[in-house]
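Below is one structure, written out as C-alpha cells; the observations come after it.
The values are calculated or read from the model by the stated rules, or taken from the named source; none is laboratory data. Just so it is clear, the structure is predicted and the values come from calculations on it, not from any experiment. When we count neighbours, we look across all protein chains shown, and the Cβ atoms used for this are built from the backbone with ideal geometry, even at glycine.
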4 protein chains.
Amino acid sequence: MFDDVDLVHQALPGLSFEEIDISTNFLGKKISAPIVISGMTGGTEELGRLNSIIATAAEKTGIAMGVGSQRVALERSETRESFAVVRRIARDIPVIANIGAPQLLRGYGVRELEEAISMVEADAIAVHFNPAQEVFQPEGEPDYSDRLLTVLSEVIKSLGVPVIVKETGTGLAMETVSKLRRVGVTHFDVQGAGGTSWVAVEMFRGRRRGNWKWRSADVFKGWGVPTAASIIETRFAAPDSFIIGSGGIRNGLDGAKALALGADLVGMALPAMRAAVKGAEALGEFVEDFKFQLKVASFLVGAKDVRDIKKTPLVISGKLRDWVTSRGLDLSVYTKVRAGRA
Amino acid sequence: MFDDVDLVHQALPGLSFEEIDISTNFLGKKISAPIVISGMTGGTEELGRLNSIIATAAEKTGIAMGVGSQRVALERSETRESFAVVRRIARDIPVIANIGAPQLLRGYGVRELEEAISMVEADAIAVHFNPAQEVFQPEGEPDYSDRLLTVLSEVIKSLGVPVIVKETGTGLAMETVSKLRRVGVTHFDVQGAGGTSWVAVEMFRGRRRGNWKWRSADVFKGWGVPTAASIIETRFAAPDSFIIGSGGIRNGLDGAKALALGADLVGMALPAMRAAVKGAEALGEFVEDFKFQLKVASFLVGAKDVRDIKKTPLVISGKLRDWVTSRGLDLSVYTKVRAGRA
Amino acid sequence: MFDDVDLVHQALPGLSFEEIDISTNFLGKKISAPIVISGMTGGTEELGRLNSIIATAAEKTGIAMGVGSQRVALERSETRESFAVVRRIARDIPVIANIGAPQLLRGYGVRELEEAISMVEADAIAVHFNPAQEVFQPEGEPDYSDRLLTVLSEVIKSLGVPVIVKETGTGLAMETVSKLRRVGVTHFDVQGAGGTSWVAVEMFRGRRRGNWKWRSADVFKGWGVPTAASIIETRFAAPDSFIIGSGGIRNGLDGAKALALGADLVGMALPAMRAAVKGAEALGEFVEDFKFQLKVASFLVGAKDVRDIKKTPLVISGKLRDWVTSRGLDLSVYTKVRAGRA
Amino acid sequence: MFDDVDLVHQALPGLSFEEIDISTNFLGKKISAPIVISGMTGGTEELGRLNSIIATAAEKTGIAMGVGSQRVALERSETRESFAVVRRIARDIPVIANIGAPQLLRGYGVRELEEAISMVEADAIAVHFNPAQEVFQPEGEPDYSDRLLTVLSEVIKSLGVPVIVKETGTGLAMETVSKLRRVGVTHFDVQGAGGTSWVAVEMFRGRRRGNWKWRSADVFKGWGVPTAASIIETRFAAPDSFIIGSGGIRNGLDGAKALALGADLVGMALPAMRAAVKGAEALGEFVEDFKFQLKVASFLVGAKDVRDIKKTPLVISGKLRDWVTSRGLDLSVYTKVRAGRA
Ligand SMILES: Cc1cc2nc3c(=O)[nH]c(=O)nc-3n(C[C@H](O)[C@H](O)[C@H](O)COP(=O)(O)O)c2cc1C
Ligand SMILES: Cc1cc2nc3c(=O)[nH]c(=O)nc-3n(C[C@H](O)[C@H](O)[C@H](O)COP(=O)(O)O)c2cc1C
Ligand SMILES: Cc1cc2nc3c(=O)[nH]c(=O)nc-3n(C[C@H](O)[C@H](O)[C@H](O)COP(=O)(O)O)c2cc1C
Ligand SMILES: Cc1cc2nc3c(=O)[nH]c(=O)nc-3n(C[C@H](O)[C@H](O)[C@H](O)COP(=O)(O)O)c2cc1C
C-alpha cells in the first residue's frame, strides 16, 4: 500500500543536502538514522554467524538492531553465545531482546525476560505477536488471551527497559493498540502486511510436509493490516507512543513514507537478511544506501531532520484512502496527530 | 466483491484458539458451525447417491444441508426415495426442503409444501427464486407476479416450519426483501452473484442445443446483486431477519466476511458438489477445512463466537463502496445494523 | 462507461414475463420497443439497398428508424429515390429525416428541411452535429457558430414535425443542451462517445490519403462525452425533453441502462449496419434479440414497462461517478429528475 | 495524470473554427499560440546547431523558446556564440535565458544574470530548480537553502526582465510556490513529473559509470508532483501568477488540459528535441500540429481563445482527484481560481 502514499516534492527544499541530519534518539542512545534491523532467528547453526554479521554492520553504520526470539537460549544455555555475541560486537547501538508473547502465558515472567535482556545487554525487549503464523503451525493451539495484558502490565512495571510490542508481518490495528496502551505499553513495532508473510511460509512448509493446514494457510496468505494502514491506526490509537513502522519496507523512500505516516523509526527484516548472507559489508552497503535514500527524501520534501519528515505533507489515495475512511479515521485531522511526540 | 471487503487482524485477539466456539443455532438445532450446504439437484440417476453423500458428510461434520428442488418427487413418487434418504442418514442436523417459487403460482400450496417437508422431515423449506435462469430457458415464460406474496403469506402462516426465501445466484435486493418481509418472511438466503451463474449455464446449454436465447444469456451472464452487496441490502431491509450469506463463498475467509457483513449463516453449493463427487470423506474434509478457516478468521479478529464475528470491524473499498453509496446506504450506520438479532 | 452502471436484480420482480410491454409512443406513433436505428449514409451505390433493408426490418419489428444525411438528395435529385424507398416500405413506423447542422449556416432553411421531410414523409427531422469529425476532414473549416441557434429556433417554429438535435458519436453536454433548449429544442439524441468514433474513421482515412490532420485525429480518437454521462447531463439540463440514448449501445442490457439513466428511447447505428449487410432477416433477428434483452432487463428489475425502467434503482461507480461529481451534478437528486416526463 | 483529466465536448461550440484565435501575449510580445519550447542544453558540440534549429522553427511558427543553462557560456566565453545565435535568428519571439538556481548560492548575482539575459536579448530569465537530479549526480552536494529566496528577491528587483522559477521534471508544490511568491516571484514554470525524468537519466548514467547512487536513483525515478497536480497547486498558491504548464505535455490536447487546469502557457522539451534533431522543418511541423490540436480542443469545448479555454469545464477523476483532496484543495472552488488573471 506504499504505492497509495505520495510525498510532495519541494523544488525549493530550503536547505542544503549536507545540513540534513537524520540521526535520532532511540532508547536513550543516538543512532545515525531512524532504522532498526528487526529481530530474526536464522537456522540455528547459522544463528551466531548471522547475528555477528548484523551486529558488525549495525554498529558500523550506527543503527539499531534486534535479535531473534531468545526462547531457545533460555531453554538451551549452550545456544546463548549465538546471541551474546551481538553485544560484544555492537557496543554502542540500541539492541533489542526478543521473546514471543505466548511464552508470557506459558510461565515466562520478569525473571526470564530479564535473562533475555541481560544476555545481550538489551536496551529494550520486543515481545513479538504472531497469532497468524502460530495458527497454521502443525500443532499450533495458539493462546493469545487477554491474560497477556496482565502479565505485560506487570513486566512493564518491573523491567528496567521498555517493552516493545512487535507484530511479525500481519500488523497492529487500533483495537489491539488501545488495549495494550491501557496496560502501559508505550512502544509499538507494527510489522504490517506487505512484506514477509509467515502465513505464506507456513503454507509452503505445510505443503511440503503434508500438514493439512497448508490449504487454509493459502487462503490467508494475504491476511493482515497493511503496513501503511497499521502505522496510521497505531498513531491514532496511541498518539503519544513510540512507533516503529515496518513490514515490507524495502528502501529509504518507503522508509520516509513510513515516518511521514507517523512512525518514529523504520524496521526491516528480510532485505537485511538477504544482504547479511553476503556478509557484513554487503549489509553495511545496503544500510548506507537506505540512509542515503532517506536523506534524499528528506531533502526533497524540505525536511532537515526526522521531526520534519513526520510533518511533511502526504497524499493518500486508492485503497489506503478507503481503508482509512472505513475505519472512521479522519485524514484531515490526522496531520495533527501523526507527528506523535515529535 | 469479497476482494472489496477486509477484516481487521488483531495481533492480540484476546483469546486462545481452543476457546473459539463457532457452533450456532439454526432452526432450533445446534450445529457445529454456521454453514449450510445449499440445495442442489443433481442428474436424476445420481441424485440419491449425491444426497446420501452430502447427508453423510453434513451429519458427520454437524452442519446444515438443503436438498434440491423436490418438484420431481412431488410429481413422480418413485423419485421420493432419492430425497428421503437424506433424513435417514442425517438424523440430527437441520435439513431444508426445497421448492421453486413459480410452483406456488402454478397450483402448489400448503399441501404440497407439507409433503416436501415431511419427505425429509425438514426443519424449514426453501422457496427458491430463479427468474434470471427461467427467462433464458427454452420455453421459459416465467411468472413472478406479486400474487406470490399472497401465497407465501398464507403458507408461512400454515406451515409448521419457517420458509426461507432463497435466490439461486443473482442475489436479493432491498426492494425484494422489503416486500417479502412485509408478508412475514423472516429467513433469507441471498445467493448473490459471483459464484455459480445459472445464466451462464443456460448460455452454454442454449448454444449447444440451438436455443436462440443463448446470445441474450451471454449478455446477462454477469447479472445480479453481488453477494457482499446483497447481504448488506438484505440486512438493511430486514434488520431482524435470519440471513444466509451465499453465492460464490469458496472458503472460510469468505465465510467470515459474509458473517461480518451481516449474515447469520453461510451457504455453498458448487464447491460442496465438487467435493461430493469424490465422496463423503472428501466433502467432510472440505467442510472441516472451511470450519478451520472460519475459526482462524474468528481467532485473528478476536471473535470468540459467531456473534462476535458479526460485530467485527470491516473495511469496505472499491466498487462495493460505490455500490453501497449508490444505494443510499450509510456505511457508518451499518455497523449498528448488521449484527441483526445477534 | 456502461460498465460503471449496474441495474439492480429483483428476485421477485412482481410480474410475469408476458405482462411486460415495452412498446412506447414516439412521434405520435406506437412502436413495439423504445428503439431507433440511427440514421446512416452508406456508400452511395449501396444506399438505396441498405435503406430498404433497414426499412423492411424496422417495419417488421415495429421500431423507429432514421435515414442518413439527405444533403446529397437535396443537391442531386437522382439520388432521392434511395431515400424515398424507405417510406414506401416502412409505412407505419416513425421515420426521421436527417440533415447536417452546418447546412443551416450555409443557406439551408425551412424549405430544404421540408423537402427532406416530405421525401420520406418523416415524423421528425434530425439535425446532426459533428464538429469533431468535420474538424479532421481534409478541407474542413467547420462552422458551428451560435447563429445556428437563431436558424434552429426559426425552423422549429415553422416545421410541421419536431426537430431532433443529434450528435454523431461525441455526445451532448449540459451547456450545449441548455443553449438548445432555450431556443425551443425538445428532442435530443445524445450519440455519446464509446461507440463508433468518426474521429478514428477520419484518422484512418487521413493516414491512407496523406492528410496531415490524421496525426491530430489520432490524439482525439477517444474524445467526447461518454454516452452514460451524456444522458445524465442532457436530462439534468433539459428535464422535460425527449432523450434518445445512443452511442455504443450494443445490446438490450446497455439499452435498459440507457433508459434507466434517463433516456426515453435508445438508438444504434453500427451494430444495425453490421446486421443489415447480411440482409433484412439478420437485422430483424438482431432487433428481436435486442427487444428480448430489453424485456429481460425489465423483467429482472421488476419493470412492467418503459416508464418503470426509467425509475428503476441504479448503481453508479468508478469513473462515471467521478464524472458526474466533477460536473457538479448530485446523484441523490438525480433519481427524481431522470424519469423526465414519464 | 492527464488521463485523469477530461475536457467536455460541446456539440454546439458556438463558433466557427476559423474564428479561434489562440494567440496570446507573453512577456510583452504577441505569440501565435501559448507554447514555449523549454530550455535544453544539448551535447556541447551540438548546442549551437540545435539552438539555431529551435530558433528557426520557433520564429517561423511564432512561439516562445528558452535556451538551456547558460552557465557554460558565462564560464567559457568561447561557447557564447552557441547561445547568441538564437536571438540573431529569432528576432521577434520571446526568448528566455536560463541559469541554475544553485548558481545563485555559489556567487552568481545580478551581474551574471544580466550577462545571460543580454547574451540572447532575453525577455525573461528562467532560474531552474533541479534538486532531484543534483542529488543523484556523482559529486552532488546540492544546496537549496532558503538564502536562495533572498538572492531571488534581490535579482527580481534589479533585473529589467521577469524571473521565471522553473522546475525541470519533478514539479512545483504549493509550499514552494508560496515561499517564492512571497519574495516577489510572479512567473512559474511547473515542469512536473510525467515526462522527462532526470532522475531516471542519472540512474542510467550512474549505472553505466559505476556511481553507487544509481541504485537510489532507481528508487526515486517516479518521484515528483505530477504536472496536472502541479498546475493546480501552483494556481492555488499563487492565484495571480503567470503559470507555464509543462512536464510530459506531448500534444495539443494535453496542452489544452494544462491551460484548462490553470496554466497560461504550455511548455515542452523532449518532444521538441526529438523533432529538432530531424531539422527545423520537422520541428515546425510538430509545432503546427500542436497548434492545430490546441485549436481543435478549443473549438470542441467552444472556447474562442485562451482565456476561454481557461474557464472551460473540467472532469477530474481517479488518482488526481485523490491527490487534490489529500492536499486540502477544494475542486468546487477551483473553477473560480484557476483562470488566474485571465
Ligand atoms: C528469517 C526471519 C526470521 C524471523 N524471526 C523472528 C523472530 O525470531 N522474532 C520476531 O519477532 N520476528 C521475527 N521475524 C519477523 C521480522 O522481525 C518481521 O516482523 C517480518 O519479517 C516483516 O518484516 P519484513 O517485511 O521487513 O521482512 C523474522 C523474519 C525473518 C525474515
Ligand atoms: C448443481 C447445482 C444444482 C442446483 N440445484 C438447485 C435447486 O434445485 N434448488 C435451489 O434452490 N438451488 C439450486 N442450486 C443453486 C444453489 O443452491 C446456489 O444458489 C448457487 O449455486 C450459488 O451458490 P454457489 O456459488 O456456492 O454455487 C443448484 C446449484 C448447483 C451448483
Ligand atoms: C456507416 C455510418 C454512417 C453514418 N451516417 C450518418 C449520417 O448520415 N447522419 C447522422 O446523423 N449520423 C450518421 N452516423 C452516425 C450514427 O447515427 C451514430 O451517431 C454513431 O454511429 C454512434 O452510434 P453507434 O455507436 O451505435 O454506431 C453514421 C454512422 C455510421 C456507422
Ligand atoms: C535534453 C534536455 C536538456 C535539458 N536541459 C535543461 C537546461 O539546461 N535547463 C533547464 O532549465 N531545463 C533543462 N531541461 C529540462 C526541460 O526544460 C524540462 O523541464 C523537462 O525536460 C520536462 O519537460 P518534458 O517532459 O517536456 O521533456 C532539459 C531537458 C532535456 C530533455
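The number of residues in the range A:62-92 being away from ligand 1 (no atom under 15 Å from the Cβ) and β-branched (Val, Ile, Thr) comes to 2. Taken over the range B:1-42, the residue count meeting the criterion of being over 21 Å from B:GLU288 (Cβ atoms), out of contact with any helix residue (DSSP H, G or I) (no Cβ under 6 Å at 6 or more places or on another chain) and more than 7 Å from chain A (Cβ to nearest Cβ) is 6. Scanning the range C:256-305 for residues that are in contact with a Leu (Cβ under 7 Å, 6 or more places away or on another chain) and of a type outside the set (A, V, I, L, M, F, W, C) returns C:LYS257, C:GLN293, C:GLY302, C:LYS304.
Could we say that B:GLY340 is modelled with pLDDT under 95 and either buried (at least 18 other Cβ atoms within 10 Å of the Cβ) or more than 14 Å from chain C (Cβ to nearest Cβ) (or both) here? Against the criterion (modelled with pLDDT under 95 and either buried (at least 18 other Cβ atoms within 10 Å of the Cβ) or more than 14 Å from chain C (Cβ to nearest Cβ) (or both)), B:GLY340 qualifies.
Among the residues of the range A:56-77, are any closer than 22 Å to A:VAL163 by Cα, more than 16 Å from ligand 2 (Cβ to nearest atom), in contact with a Gly (Cβ under 7 Å, 6 or more places away or on another chain) and assigned to a helix (DSSP H, G or I)? The answer is yes, given that some residue of the range A:56-77 is closer than 22 Å to A:VAL163 by Cα, more than 16 Å from ligand 2 (Cβ to nearest atom), in contact with a Gly (Cβ under 7 Å, 6 or more places away or on another chain) and assigned to a helix (DSSP H, G or I). In this entry, C:THR186 is excluded by the filter for residues that are away from chain D (no Cβ under 11 Å) and over 19 Å from the mean Cα position of the chain (by Cα). Can you tell me which residue in the range B:87-111 is nearest to the other protein chains (Cβ to nearest Cβ), limited to those that are more than 22 Å from B:SER77 (Cα to Cα) and surrounded by fewer than 20 Cβ atoms within 10 Å (Cβ to Cβ)? The qualifying residue nearest to the other protein chains (Cβ to nearest Cβ) is B:ASP92. Would a scan of the range A:192-206 turn up a residue that is in contact with a strand residue (DSSP E or B) (Cβ under 7 Å, 6 or more places away or on another chain) and not small (Gly, Ala, Ser)? No, the range A:192-206 contains no residue that is in contact with a strand residue (DSSP E or B) (Cβ under 7 Å, 6 or more places away or on another chain) and not small (Gly, Ala, Ser). For the range D:283-319, a tally of residues being assigned to a helix (DSSP H, G or I) and within 11 Å of another protein chain (Cβ to nearest Cβ) returns 18. Checking each residue in the range D:137-149 for being outside any strand (DSSP E or B), within 8 Å of chain A (Cβ to nearest Cβ) and in contact with a helix residue (DSSP H, G or I) (Cβ under 7 Å, 6 or more places away or on another chain) picks out D:GLY140, D:GLU141, D:PRO142, D:LEU148, D:LEU149. Scanning the range A:104-133 for residues that are in contact with a helix residue (DSSP H, G or I) (Cβ under 7 Å, 6 or more places away or on another chain), farther than 14 Å from A:GLY66 by Cβ and of a type in the set (Asp, Glu) yields A:GLU112, A:GLU115.
Residues are listed down the side, and each one gets a yes or a no for (1) part of a loop (DSSP other than H, G, I, E, B); (2) away from ligand 4 (no atom under 16 Å from the Cβ); (3) surrounded by fewer than 17 Cβ atoms within 10 Å (Cβ to Cβ):
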residue	(1), (2), (3)
B:VAL151	no, yes, no
B:VAL155	no, yes, no
B:VAL199	no, yes, no
B:PHE204	no, yes, yes
B:ASP218	no, yes, no
B:GLY222	yes, yes, yes
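For the range D:204-257, the set of residues classified as hydrophobic (A, V, I, L, M, F, W, C), in contact with a His (Cβ under 7 Å, 6 or more places away or on another chain) and either away from chain A (no Cβ under 12 Å) or within 16 Å of ligand 2 (Cβ to nearest atom) (or both) consists of D:PHE242 only.
Quick grid of which residues meet (1) among the charged types (D, E, K, R); (2) outside any loop (DSSP other than H, G, I, E, B); (3) at pLDDT 95 or above; (4) more than 16 Å from ligand 4 (Cβ to nearest atom):
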position	(1), (2), (3), (4)
B:ALA229	no, yes, yes, yes
B:ILE232	no, yes, yes, yes
B:ARG235	yes, yes, yes, yes
B:ILE244	no, yes, yes, yes
B:GLY248	no, no, yes, yes
B:GLY255	no, yes, yes, yes
B:LEU259	no, yes, yes, yes
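For the range D:129-149, a residue qualifies if it is buried (at least 17 other Cβ atoms within 10 Å of the Cβ) and either within 16 Å of ligand 2 (Cβ to nearest atom) or charged (D, E, K, R) (or both), and the qualifying residues are D:GLU134, D:ASP143. Scanning the range D:159-176 for residues that are closer than 14 Å to D:ARG235 by Cβ and either in a loop (DSSP other than H, G, I, E, B) or more than 16 Å from ligand 4 (Cβ to nearest atom) (or both) turns up D:GLY171, D:LEU172, D:ALA173, D:MET174. Checked against (1) in a helix (DSSP H, G or I); (2) surrounded by 21 or more Cβ atoms within 10 Å (Cβ to Cβ); (3) away from ligand 1 (no atom under 14 Å from the Cβ); (4) not aromatic (Phe, Trp, Tyr), A:GLU114 passes all but a single condition, namely (2).
For the range B:99-114, the condition of being at positive phi and modelled with pLDDT under 95 holds for at least one residue. Being within 26 Å of B:PHE292 (Cα to Cα) and small (Gly, Ala, Ser) is a property that holds for A:SER145. A count restricted to the range D:24-55 and to residues that are under 17 Å from D:LYS257 (Cα atoms), in contact with a Pro (Cβ under 9 Å, 6 or more places away or on another chain) and assigned to a loop (DSSP other than H, G, I, E, B) stands at 0.
Residue check: is B:VAL266 part of a helix (DSSP H, G or I), modelled with pLDDT of 95 or more and more than 9 Å from every other protein chain (Cβ to nearest Cβ)? No.
One line per residue, one yes/no per condition, for (1) surrounded by fewer than 18 Cβ atoms within 10 Å (Cβ to Cβ); (2) of a type in the set (Lys, Arg):
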site: D:GLY267; (1), (2): no, no
site: D:PRO271; (1), (2): no, no
site: D:ALA275; (1), (2): no, no
site: D:LYS278; (1), (2): yes, yes
site: D:ASP289; (1), (2): no, no
site: D:ALA303; (1), (2): no, no
site: D:LEU320; (1), (2): no, no
site: D:ARG327; (1), (2): no, yes
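Put simply, of D:THR170, D:THR196, D:THR176 the only residue that is within 9 Å of chain A (Cβ to nearest Cβ) and under 20 Å from D:VAL219 (Cβ atoms) is D:THR170.
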